[in-house]
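K.L.:
Pasting in a structure now, in structure tokens, and then I'll have a few things to ask.
Values in this text are rule-based calculations from the coordinates and carry no lab data. This one's a predicted model, so the numbers in the text were calculated from it and none came from an experiment. All Cβ positions, even for glycine, are placed from backbone atoms using ideal geometry, and neighbour counts span all protein chains on display.
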2 protein chains.
Amino acid sequence: MIPEPIKKFINAFSSLPSIGPRQATRLAFHITNLGKSQIHDLAKSIADLQQLKTCPDCFFTNNGNCLVCSNASRIKNVVCVVEKETDLISIEKAKKYNGIYLVLGELNKTGSFSPDQKLKLKCLKARAPLEEIILAINPTAYGDLNAALILQEIKPFAQKITRLGRGIPTGGEIEFADSDTLASAIDNRG
Amino acid sequence: MIPEPIKKFINAFSSLPSIGPRQATRLAFHITNLGKSQIHDLAKSIADLQQLKTCPDCFFTNNGNCLVCSNASRIKNVVCVVEKETDLISIEKAKKYNGIYLVLGELNKTGSFSPDQKLKLKCLKARAPLEEIILAINPTAYGDLNAALILQEIKPFAQKITRLGRGIPTGGEIEFADSDTLASAIDNRG
């Protein structure tokens, strides 16, 4: 009943994170009903991602030249470890950080590193001695576990190892903050 | 900070329904980190949708030959009007319907038809006299409004115009059914 190209699209796209078979099916028919040139543009915007490279130092995606690592004004002995490229982008948007990064890839929940992540941590160690390593890992239970594991690995390679400050987010309400967050907010008051 | 091909991907994909800029950004980096052949396959699965055609009779998507309309065993004077291709697929999965379809496209909430939908309704009228037209429009407030509008348009063109039966869905619980649904279930008991 479902034409073959639609089936293939559903298979391909429902394998992506956060897209299930239902959303993929709706997308398939929606895209089919667009004009040929719009379909072509969508296909091209995916194919063009093949051009992108990964920085051999920070492992962020780039278009030939890492915009962070190649920037002479950035401090090279302070490294911020993030899981995802989108975490890096959020930190950059805050316009507060002037060091470099290490994009480690999403950490799993079993408390172990993938071979790829082990290699990346090795690259980080090779940059020692570092002034500071910031572990910008989510302040969740698993994030705390993983940050502790990374800390063990990299402790001898930097003078100081920190994590992002915890407290009440701007726009948040004290009444609804959990006890852990409030305790952190009192510690970090100023 | 964000490489150009990623920006283009985010623009193209966040224009699709149910994909926002955040999901598009995550997808962009996820796809970038896949191998070149996987990226190529994804792009191809979109480009291949260009091959698909729309049946001039029922307006369902097909690969050269409408699988419903070209099926000689299907009754041609019973037409089921659906909004979306995915509605048609769900009805086909129920294996209970042996007529043909009209895929009308998503109805808007202002109680008017698009030029495209007016044209499709004209095609439906051209098939008169019909034995039955089933308005398989969602049983929501807007769906009821739109079904009433379609009914006005097509009333003279079929002996009988029906909608899908309402009642308690299989697996549902009487305790939690709303009064409208229960009233329909009592009417449709049997």
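K.L.:
Wrap a convex hull around the Cα atoms of the protein assembly as shown, take a quarter of its surface area, and give that in square nanometres.
P.N.:
So the Cα hull casts an average projection of 26.0 nm².
K.L.:
Once R0 is set to 25 Å, what does the formula 1/(1 + (r/R0)^6) return for the Cβ-Cβ distance between residue B:71 and residue B:189, expressed as a FRET efficiency to the nearest 0.05? The partial results should precede the final answer.
P.N.:
Working: r = 34 Å, r/R0 = 1.36.
E(calc), rounded to 0.05, equals 0.15.
K.L.:
Need the list of lysines near residue B:53 for cross-linking: C-alpha distance under 18 angstrom, and skip anything on the same chain fewer than eight residues off.
P.N.:
Filter leaves A:7, A:8, A:36, B:44, B:84, B:120.
K.L.:
Same structure, new question: Assuming a ≥ b ≥ c are the square roots of the Cα gyration tensor eigenvalues, decide whether the stretch B:53-163 counts as rounded (a/c under 1.5), prolate (otherwise, with a/b larger than b/c) or oblate. Walk me through the numbers on the way to the answer.
P.N.:
Working: a/c = 1.44, a/b = 1.32, b/c = 1.09.
Judged from the Cα gyration tensor, the stretch B:53-163 comes out rounded (a/c under 1.5).
K.L.:
How large is ³J(HN,Hα), in whole Hz, for each residue of the stretch B:16-24 in order, when computed from phi with the Karplus curve 6.51 cos²θ - 1.76 cosθ + 1.60 and θ = phi - 60°, using x for Gly and Pro?
P.N.:
7, x, 6, 10, x, x, 5, 5, 4
K.L.:
Which trypsin sites (Lys or Arg not before Pro) from the stretch B:151-190 combine a DSSP loop assignment with at most 16 other Cβ atoms within 10 Å?
P.N.:
B:166, B:189
K.L.:
Check which residues have an amide H placed less than 5 Å from residue A:163's amide H, if you skip close sequence neighbours.
P.N.:
Placed amide hydrogens put A:135 under 5 Å from residue A:163.
K.L.:
Right, next: Rounded to a whole number of µm²/s, how large is the Stokes-Einstein D of the stretch A:4-51 at 4 °C and 1.567 mPa s, given Rh as the Kirkwood radius over C-alpha pairs?
P.N.:
On the way: Rh = 11.3 Å.
The diffusion coefficient I find is 115 µm²/s.
K.L.:
Using only Cα atoms and rounding to the nearest 10 degrees, what angle (0 to 90) does helix A:4-13 make with the longest principal axis of chain A?
P.N.:
Once rounded, the angle reads 0 degrees.
K.L.:
Just grab the label-to-label distance for residue B:7 and residue A:22, each label 7 Å out from Cα along the Cβ direction, in nm (one decimal).
P.N.:
Going by the 7 Å Cα→Cβ label model, 3.6 nm.
K.L.:
Using just the helices of chain A, give the 222 nm mean residue ellipticity in deg cm²/dmol: DSSP H runs with n ≥ 4 each add -39,500 (n - 2.57), and the total is spread over all residues, rounded to 500.
P.N.:
-12500 deg cm²/dmol
K.L.:
Looking at the square roots a ≥ b ≥ c of the eigenvalues of the Cα gyration tensor of chain A, which shape do they give, rounded for a/c under 1.5, prolate if a/b is larger than b/c, or oblate?
P.N.:
Prolate is the answer for chain A, as a/c is 1.5 or above and a/b outweighs b/c.
K.L.:
Quick one: 3J(HN,Hα) in Hz for the stretch A:29-39, Karplus 6.51/-1.76/1.60 with θ = phi - 60°, rounded, Gly and Pro as x.
P.N.:
5, 4, 5, 4, 7, 6, x, 4, 6, 5, 5
K.L.:
So, one more: Provide the percentage of antiparallel DSSP beta bridges, counting only those with both residues in chain B; round to the nearest 5.
P.N.:
Values: 2 of 16 bridges.
Restricted to chain B, the bridges split so that about 10 percent are antiparallel.
K.L.:
OK, next. Averaging sequence separations of C-alpha pairs under 8 Å and six or more residues apart, then dividing by the length of chain B, give the relative contact order as a whole percent.
P.N.:
Working: 200 pairs, mean separation 25.6, N = 190.
Relative contact order here is 13 percent.
K.L.:
Hey, what did the stretch B:49-104 get for relative contact order, percent, Cα under 8 Å, at least 6 apart?
P.N.:
Once divided by the residue count of the stretch B:49-104, the mean separation gives 38 percent.
K.L.:
Count the DSSP beta bridges whose two residues both fall in the protein assembly as shown, then state the antiparallel fraction as a percent rounded to the nearest 5.
P.N.:
If I count the DSSP bridges inside the protein assembly as shown, around 10 percent turn out antiparallel.
K.L.:
Taking only C-alpha pairs under 8 Å that are 6+ residues apart, what is the relative contact order of the stretch B:4-51 in percent?
P.N.:
26
K.L.:
Obtain the nm distance between the two label points defined at residue A:145 and residue B:36 by a simple spin-label model: each point lies 7 Å from its Cα along the Cα-to-C-beta direction.
P.N.:
Once both label points are built, they end up 3.8 nm from each other.
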